[in-house]
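As structure tokens, the structure follows; a few thoughts come after it.
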Amino acid sequence: MQFLIPRATPGLETASLESYRRTIALDGHHGMVEICPVTEQNYLLAHIHFPKVALLSQIVERLRQIFDLNANTSEISTHLQRDPVLAPVVVMQPGLRIPGAWDRFELAVRAILGQQISVAAATTLAARLVKAYGEPFAIAKTLQANPDLQFVFPRPDILATADLTQIGIPKTRAKTIATLAATIAQNPHFLTHFQTLDDAIQTLCQLPGIGEWTAHYIAMRTLHEPDAFPSTDLGLLRAMNALGQSMTKAQFMQHSQAWRPWRSYAAMHLWSLDLTLLSNIRSNKEQLSA
């Protein structure tokens, strides 16, 4: 949740340590979901408001993917702790999972928006995009309206022809989103039929404006590829440096081979690391050694 909270798109979703809410759209119908933790229990409670009961199982599976509930966190943690550098990080963050996404197209657009800018700036752009091009959230009269949930995410055919520069999205990123949207409008299964991780990365990188970082990020969070790894991410290198491992990008890539086939989870551990806390731990260890 600490990962999802700053990335929640205003108007589309809300996130806190108490709950995650969002609008959804399937088969032309709108609905709302709310997921809450249950105190001292090992499961999540979902409240689903949707007019078509036949799609309930599909909605549940998508919610499971958002919270990565199919992951065997014990097996993953055991493997990652074999690396003495990463082991203390894994111990500090037991059971860490990879935040997924409700919709693959939505997450891919969000990944493009986040290229080379802060999370806060990307969230602002996402909010503008949803407000300008999303469909107004249409709910049943019996469901109490939530003022924080006003839109569903824009359809690919809408974004394929929209001039996104009008809402402050840089021209190159606007073109990338339009190209991706047009591709998915023509082929709705574009983001679902990859045979391997390498196939996904190569195919995504053929779209103008999508490089390896964006492709791996999409593969990690929406294709559920456990070994996707955006090795060029500066945040990952900074985290390794905080662990006392100053290294080049090539050295980092080599070091990451020990984390296979769970490099996505290693990356999430490093991204989620509290660097201040780690710095204090290192300082205490150094004082004890002295």
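The values are calculated or read from the model by the stated rules, or taken from the named source; none is laboratory data. Predicted model only: the values in this text are computed from it and were never measured. Here Cβ is always computed from backbone atoms with ideal geometry, including for glycine, and neighbour counts include all displayed protein chains.
Do we find a residue being outside any helix (DSSP H, G or I), in contact with a Lys or Arg (Cβ under 8 Å, 6 or more places away or on another chain) and over 19 Å from ASP103 (Cα atoms) anywhere in the range 201-209?
Here is the first cut: in the range 201-209, the residues outside any helix (DSSP H, G or I) are 206-209.
Now drop any that are not in contact with a Lys or Arg (Cβ under 8 Å, 6 or more places away or on another chain), which leaves 208-209.
Then drop every residue that is not over 19 Å from ASP103 (Cα atoms), which leaves 208-209.
Taking every residue of the range 201-209 in turn, at least one turns out to be outside any helix (DSSP H, G or I), in contact with a Lys or Arg (Cβ under 8 Å, 6 or more places away or on another chain) and over 19 Å from ASP103 (Cα atoms).
Count of the range 178-200 residues, restricted to those that are within 18 Å of GLU212 (Cα to Cα) and among the hydrophobic types (A, V, I, L, M, F, W, C), is 6. Can you confirm whether VAL130 is in contact (Cβ under 8 Å) with a residue 24 or more places away in the chain, surrounded by 20 or more Cβ atoms within 10 Å (Cβ to Cβ), β-branched (Val, Ile, Thr) and within 23 Å of PHE3 (Cα to Cα)? Yes: the conditions hold for VAL130. Going through the range 176-233 one residue at a time, which ones are under 14 Å from ARG263 (Cβ atoms), surrounded by 21 or more Cβ atoms within 10 Å (Cβ to Cβ) and among the hydroxyl-bearing types (Ser, Thr, Tyr)? Across the range 176-233, the qualifying residue is only TYR217. All of ILE201, ILE167, ILE158 fail the test of being closer than 30 Å to PHE252 by Cα, of a type in the set (A, V, I, L, M) and either in contact with a Leu (Cβ under 9 Å, 6 or more places away or on another chain) or in contact (Cβ under 8 Å) with a residue 12 or more places away in the chain (or both), apart from ILE201. Taking the range 189-213 on its own, how many of its residues are within 17 Å of PHE105 (Cβ to Cβ) and in contact with a Pro (Cβ under 8 Å, 6 or more places away or on another chain)? Total meeting the criteria: 0. Looking at THR192, THR123, just one residue is in a loop (DSSP other than H, G, I, E, B), touching a residue at least 24 places away in the same chain (Cβ under 8 Å), in contact with a Lys or Arg (Cβ under 8 Å, 6 or more places away or on another chain) and not aromatic (Phe, Trp, Tyr), and that residue is THR192.
State yes or no: is ALA46 modelled with pLDDT of 95 or more, of a type in the set (Gly, Ala, Ser) and over 16 Å from the mean Cα position of the chain (by Cα)?
yes
Going by what's in this entry, would VAL33 be described as of a type in the set (Val, Ile, Thr) and more than 20 Å from GLU106 (Cα to Cα)? For VAL33, the condition - of a type in the set (Val, Ile, Thr) and more than 20 Å from GLU106 (Cα to Cα) - is not met.
Do the conditions hold for ILE76, that is, is it under 30 Å from HIS189 (Cβ atoms), modelled with pLDDT of 95 or more and touching a Gly at 6+ places or on another chain (Cβ under 6 Å)?
Numbers: under 30 Å from HIS189 (Cβ atoms): yes; modelled with pLDDT of 95 or more: yes; touching a Gly at 6+ places or on another chain (Cβ under 6 Å): no.
Answer is no for this residue.
Within the range 176-183, the presence of at least one residue that is farther than 15 Å from LEU125 by Cα and under 19 Å from the mean Cα position of the chain (by Cα) is confirmed.
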